[in-house]
């Protein structure tokens with residue numbers, strides 16, 4: 001009898017030990033997953049190191065191997081790895097709208113079951129418009145990690161010197177142009193409104209326009225145009241609204257001389273020229289806020305202007321999102337990483353470092369160091385103005401057409417034929433559209 005009791009006890013102990021090491025309870029078996037992201041530097045890299053270290057400490061049974069690639073290589077190598085069946089388990093997509101490229105190829109794991117499962121999250125905690133950018137064909141394929149918007153920046157001292165009132169949240173593009181003419185000066189102090197104004201000797205510009213779609217998008221959308229139709233089945237850069245937008249945009253440089261030529265001031269982003277008080281206004285994106293603020297420039301931001309007779313308001317939204325690959329063979333562990341990197345702790349740490357702001361309702365404002373400027377972006381976000389381009393071949397349908405447009409419109413010594421330029425860009429966009437996967441619906 002004593003022997004039987006000992007045997008039963010041994011079996012019981014053995015069973016308990018097996019339960020203790022079973023996946024999902026207590027000590028778990030060690031698994032390895034791969035996390036792919038673009039190679040970054042300085043603050044971004046430091047924050048990635050911190051977040052992954054925090055995750056590793058909380059999940060000692062999940063080993064995260066990192067695959068980091070330069071931006072250009074990322075968009076080539078990662079799709080090739082996925083096609084070969086050797087892709088990562090978790091991926092960081094650098095722009096929320098570019099997730100559609102992966103979604104259209106059917107390579108992302110739907111997260112809905114994980115979100116609603118026993119180890120899930122409450123989607124109501126996210127800002128709804130932000131969460132929607134990762135939803136395709138009714139499936140949540142990505143969780144937002146950081147949210148970034150643009151805003152309209154102006155130099156208060158330069159406005160004061162010109163005797164102008166500051167821009168308001170209700171400014172139109174025509175009001176912007178009128179102010180830009182008064183703020184643009186040649187070496188003799190003549191404004192762009194003066195008959196004596198010399199456009200070949202400008203020392204101060206009213207507005208900065210730069211070579212990238214995220215700047216032109218603000219004009220295109222508020223003029224009623226877009227890159228693609230609603231179903232992303234046809235490019236629409238040759239529409240009357242798009243032509244009107246590029247005409248206004250190009251004439252800031254070519255006709256009114258209130259904006260520099262594209263290579264007249266370097267680099268391409270406007271914040272160095274703005275900080276050096278060479279330009280009075282420009283469209284700023286969130287990552288430039290800390291840099292401009294630290295420069296000591298007396299500045300402010302307002303909502304993106306709009307076209308009065310159209311009335312459409314918009315703002316360019318971008319940021320990072322975290323997704324799981326459908327071919328991952330460690331999906332439970334991958335979900336843990338997705339959930340953490342897009343969770344409140346990680347997003348707040350990123351926001352505190354100045355890398356966008358949190359996509360959570362409860363954390364959108366208090367963790368940031370620029371409450372007045374962030375409040376302006378929050379107002380645009382809450383108003384439902386954020387937009388992005390849902391192109392399933394971003395390079396072919398957006399980048400290449402944009403290069404055609406900006407080269408023809410913002411270069412010196414040309415008289416742009418705006419309609420012909422937009423038709424050429426539209427043809428390039430439609431050509432890429434022929435080979436691009438359809439938009440998930």
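On a full-extension model of 0.36 nm per residue, what is the gain between residue 161 and residue 353, subtracting their alpha-carbon distance, rounded to one decimal in nm?
Gain in length upon complete extension: 65.7 nm.
Can you tell me the alpha carbon radius of gyration of region 302-409 divided by the globular rule-of-thumb value 2.2 N^0.38 Å?
Relative to the rule-of-thumb radius for its length, region 302-409 sits at 1.37.
What translational diffusion coefficient, in µm²/s and rounded to a whole number, does the Stokes-Einstein relation yield for the chain at 4 °C and a viscosity of 1.567 mPa s, taking the hydrodynamic radius as the Kirkwood radius over Cα pairs?
Stokes-Einstein gives a translational diffusion coefficient of 54 µm²/s.
Determine which residues of region 215-237 fall in the zone a paramagnetic label at residue 312 would reach in this model, i.e. backbone nitrogen under 12 Å from the point 7 Å along Cα→Cβ.
217-230, 236-237
Going by how many other Cβ atoms sit within 10 Å of their own, how do 402, 235 line up, fewest first?
402, 235
Averaging sequence separations of C-alpha pairs under 8 Å and six or more residues apart, then dividing by the length of the chain, give the relative contact order as a whole percent.
Computed over the chain, the figure is 23 percent.
What is the calculated FRET efficiency for residue 195 to residue 431, with r their C-beta to C-beta distance and R₀ = 60 Å, to the nearest 0.05?
After rounding, the FRET efficiency stands at 0.85.
Rounding to the nearest 10 and keeping the result within 0 to 90°, find how far the Cα-based axis of helix 400-409 lies from the longest principal axis of the chain.
Helix 400-409 sits at roughly 20 degrees to that axis.
For region 291-330, build the convex hull from the C-alpha positions and give me its volume per residue in Å³.
In region 291-330, the Cα convex hull volume per residue is 137 Å³.
Please give the helix 42-58 orientation as an angle from the longest Cα principal axis of the chain, in degrees from 0 to 90, rounded to the nearest 10.
On a 0 to 90 degree scale, this one is about 20.
Expressed as cubic angstrom per residue, what is the convex hull volume of the alpha carbon set of region 111-227?
It is 165 Å³ per residue.
Take peptides 140-153, 344-357 and line them up by average Cβ neighbours within 10 Å, highest first, as a rough protection proxy.
So the order, starting with the most tightly packed, is 140-153, 344-357.
Hey, could you pull the Cα Rg and Dmax for region 207-307, both in Å?
Cα only, region 207-307: 14.9, 47 Å (Rg, Dmax).
From Cα pairs below 8 angstrom and at least 6 apart in sequence, can you work out the relative contact order of region 180-329, rounded to a whole percent?
Averaging sequence separation for qualifying contacts and normalising by length gives 25 percent for region 180-329.
For the chain, what is the percent of antiparallel DSSP beta bridges, rounded to the nearest 5?
60
Does anyone have the angle between helix 418-435 and the longest principal axis of the chain? Alpha-carbon axes, 0 to 90°, nearest 10?
In the chain, helix 418-435 runs at an angle near 20 degrees to the longest axis.
Starting with the highest mean, order 429-437, 100-108 by the number of other Cβ atoms within 10 Å, averaged over the residues of each peptide.
Answer by packing, highest mean first, reads 100-108, 429-437.
What does the extension gain come out to for residue 105 and residue 212, with contour length at 0.36 nm per residue minus their alpha carbon separation?
Contour length minus the Cα-Cα distance gives 35.9 nm.
Mind checking the full-extension length gain between residue 293 and residue 116? Use 0.36 nm per residue of separation minus the Cα-Cα distance, one decimal, nm.
Additional length available on full extension: 59.6 nm.
Output the peptides 205-218, 59-72 sorted from most to least packed, where packing is the average of other Cβ atoms within 10 Å over each peptide's residues.
205-218, 59-72
Label residue 30 and residue 345 with points 7 Å out from Cα along Cα→Cβ: what is the distance between them in nm?
The two pseudo-label positions are separated by 2.1 nm.
How big is the antiparallel share of DSSP beta bridges in region 158-314, given as a percent to the nearest 5?
50
If you average the alpha carbon positions of region 366-441 and of region 99-136, how far apart do those two centres end up, in angstrom?
So the two Cα centres are separated by 24 Å.
Here, each number is a calculation from the coordinates, and none is a lab measurement. Just so it is clear, the structure is predicted and the values come from calculations on it, not from any experiment. FYI the Cβ positions are ideal-geometry reconstructions off the backbone, even for glycines, and counts take in every protein chain you see.
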